[in-house]
Amino acid sequence: ARAQIGVTGLAVMGRNLARNFARHGYTTAVHNRSFAKTQSLIADHGSDGDFIPSESMADFVASLERPRKVVVMVKAGAATDAVIAELVPLLEQGDIIIDAGNAHFPDTRRREAELKEKGLHYVGTGVSGGEEGALNGPSIMPGGAPESYETLGPILEDISAKVDGVPCCTYVGPDGAGHFVKMVHNGIEYADMQLIAEAYDLLKQGLGASAQEIGEIFAEWNKGDLESFLIEITADVLQHVDAETGKAFVDVILDRAEQKGTGRWTVQNALDLGVPITGIAEATFARALSGSVPQRTAAVGVLPADAGTWEITDRDAFVEDVRRALYSSKVVAYSQGFDQIAAASQEFGWNIDRGAMARIWRGGCIIRARFLNRITEAYERDENLPLLLADPYFTQTVGEGVSSWRRVVSQAALNGVPTPAFSSSLAYYDGVRAERLPAALIQAQRDFFGAHTYQRVDKPGVFHTEWSGDRSESAEGDA
Ligand code: NDP
């Protein structure tokens, strides 16, 4: 037994993670259900480092140093359960299973609890960065028991992305915390992508600009506050020309966005926790709308627009308005996502350090961005910050762009351009900063039809009005 780490599941992600371990000097045991993938890894990339290939799971496990560290990189769901069932009888006390697939965090909680009873560590680990990240340095979000991080952490930090020499990997929290944070990362990714798409649409419709021209605008934006992987690839995609037709590539793509489910999980969990993540939710629903073919077919050319037409006199000012609206809406989406992390951390006793999460998202992952430094700094200033938007840096930078945001959202509405994420983010901003919300009326209605009671602004207690009787008010607890 001499492998320091093992990987089972050698499809694109597992193969690249295994190569990453080997390239960092770790003797890496490799295994896959069908041996052909193991063989091709060795044939194609054996020279990357020191691999120990095994055909059987038993040989694979036997090739690992103790405590064994087995990375499972198979399809999430039943496949993961099947691999665990095969592994468990072969492992011993203190061994560590690292589930690096995209598991749903309740599954991770269940598996962790089951394996803990058997004396095994189960480390549900978020891995972001796709194929490329897995090979060259992903962002890694490991959960599970803190003890497991003592031996595992240094290896994962070693193979993770680095920003300013700091690894994009840290211990997240107990049981499902790692997979939870990865889920919210993906939800935020949905919001980021939708906001970029709305900005593109506004520039296209407002300015009548070509994809090439809009690509140049995004490339310019990528030099400022918005600098990020997603803005960078957007500039690239928009400037790409379709080889077959010679048209802008984006113009020959069918306008239906698909999803694999992590955005949906994020929204479902936010509903459970009662956290308003409107940016992520609108982004998820916008994908659903794009794929609602029968509804869109029934509506196109049928629903009247009665919309105005764009009359932009100052092109640069409009571009700047859209940039600021994008930035502000993005801050809202992150603020909401970090609220969700705080709420889940509270609910499940995870004690997640939000500043550290922003730090490990700075590199390797899909939402990597310069602006995450600002989020880390905000939580360093106040680790209990109740609202990211209320951090002085964000209050100022978003505040400077509020009038731009309002102009963009109102022009979009007047001219019939859908901006669900821009508009709902602005509505959230106005809602959360409102001194008084119309929720008072909702409480009154609830008391009227359901005797659900209400509280008053002028005295403590819980009250009910006899709406169908003499309309007298009684305090709860009164005889
Ligand atoms: P896939 O999700 O396509 O899974 C294929 C792998 O799972 C193969 O190794 C396959 O083995 C194995 N497998 C499937 N069913 C079983 C089973 N019942 N028993 C044993 N092994 C099984 O591979 P990816 O590399 O794309 O992704 C791996 C994991 O990483 C997934 O959970 C995914 O969600 C996650 N992930 C993927 C990212 C990406 O960009 N693709 C990014 C981040 C995470 P065999 O070869 O024998 O069929």
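Can Leu426 be described as open to solvent by less than 80 Å² (accessible area, probe 1.4 Å) and in a helix (DSSP H, G or I)?
Values: open to solvent by less than 80 Å² (accessible area, probe 1.4 Å): yes; in a helix (DSSP H, G or I): yes.
Against the criterion (open to solvent by less than 80 Å² (accessible area, probe 1.4 Å) and in a helix (DSSP H, G or I)), Leu426 qualifies.
Collect the residues in the stretch 223-239 that are open to solvent by 30 Å² or more (accessible area, probe 1.4 Å) and either among the acidic types (Asp, Glu) or under 16 Å from Glu320 (Cα atoms) (or both), keeping them in residue-number order. Before the answer, list the steps.
Taking the stretch 223-239 and keeping what is open to solvent by 30 Å² or more (accessible area, probe 1.4 Å), we get 223, 225, 227, 229, 232-233, 236-237, 239.
Lys223, Asp225, Glu227, Glu232, Asp236, listed by residue number.
I'd like to check something: does the stretch 273-283 contain any residue that is of a type outside the set (Val, Ile, Thr) and out of contact with any helix residue (DSSP H, G or I) (no Cβ under 8 Å at 6 or more places or on another chain)?
No; the residues of the stretch 273-283 include none that is of a type outside the set (Val, Ile, Thr) and out of contact with any helix residue (DSSP H, G or I) (no Cβ under 8 Å at 6 or more places or on another chain).
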Please verify whether Ser404 is at pLDDT 95 or above and more than 24 Å from Asn222 (Cβ to Cβ), treating the condition exactly as stated. no
Across the stretch 450-479, the tally of residues that are open to solvent by 90 Å² or more (accessible area, probe 1.4 Å) and β-branched (Val, Ile, Thr) stands at 1
Taking the stretch 68-127 and the residues there that are among the basic types (Lys, Arg) and surrounded by fewer than 24 Cβ atoms within 10 Å (Cβ to Cβ), the one that is farthest from the ligand (Cβ to nearest atom) would be Lys116
Name the residue that is surrounded by the fewest Cβ atoms within 10 Å (Cβ to Cβ), counting only residues in the stretch 138-194 that are over 26 Å from Glu117 (Cβ atoms) and small (Gly, Ala, Ser). Gly165
Inspect all residues belonging to the stretch 16-30 and state whether any of them is closer than 22 Å to Ala85 by Cα, touching a residue at least 24 places away in the same chain (Cβ under 8 Å), among the charged types (D, E, K, R) and within 16 Å of the ligand (Cβ to nearest atom). no
Sort out which residues of the stretch 386-396 are surrounded by fewer than 20 Cβ atoms within 10 Å (Cβ to Cβ), among the hydrophobic types (A, V, I, L, M, F, W, C) and touching a helix residue (DSSP H, G or I) at 6+ places or on another chain (Cβ under 8 Å), and write them in order of number. Leu387
Might you check whether a residue that is more than 25 Å from Leu202 (Cα to Cα) and either in contact with a Lys or Arg (Cβ under 6 Å, 6 or more places away or on another chain) or open to solvent by 10 Å² or more (accessible area, probe 1.4 Å) (or both) occurs anywhere in the stretch 326-338? yes
Residues within the stretch 354-390 that are farther than 23 Å from Phe229 by Cβ and part of a loop (DSSP other than H, G, I, E, B), tallied: 6
Among (1) under 29 Å from Asn269 (Cβ atoms); (2) within 22 Å of the chain's Cα centre (by Cα); (3) within 12 Å of the ligand (Cβ to nearest atom), Leu135 falls short only on (1)
Here the residues within the stretch 359-396 that are closer than 15 Å to Arg433 by Cβ and of a type in the set (S, T, N, Q) are Thr395, Gln396
Listing of helices (runs of 4 or more DSSP H) fully contained in the stretch 189-275 that carry 1 or more residues being more than 28 Å from His179 (Cα to Cα) and out of contact with any Lys or Arg (no Cβ under 8 Å at 6 or more places or on another chain): 211-221, 229-239
Which residue pairs have Cβ atoms closer than 7 Å, lie 6 or more positions apart in sequence or on different chains, and pair a first residue in the stretch 450-476 that is farther than 18 Å from Ala439 by Cβ with a second residue that is open to solvent by 50 Å² or more (accessible area, probe 1.4 Å) and among the acidic types (Asp, Glu)? Gly461/Glu476; Ser472/Glu466
Of all residues being surrounded by 14 or more Cβ atoms within 10 Å (Cβ to Cβ) and either of a type in the set (Gly, Ala, Ser) or in contact with a strand residue (DSSP E or B) (Cβ under 8 Å, 6 or more places away or on another chain) (or both) in the stretch 47-57, which is nearest to Leu91 (Cα to Cα)? Just the residue, please. Met57
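The values are calculated or read from the model by the stated rules, or taken from the named source; none is laboratory data. Fair warning: this is a prediction, and the values are worked out from it, not measured in the lab. With ideal geometry, Cβ positions are generated from the backbone for all residues, glycine too; neighbour counts draw on all protein chains shown. All accessible areas refer to the heavy atoms of the entire protein, side chains included, with ligands and DNA or RNA removed. Shrake-Rupley method; radii C 1.70, N 1.55, O 1.52, S 1.80 Å.
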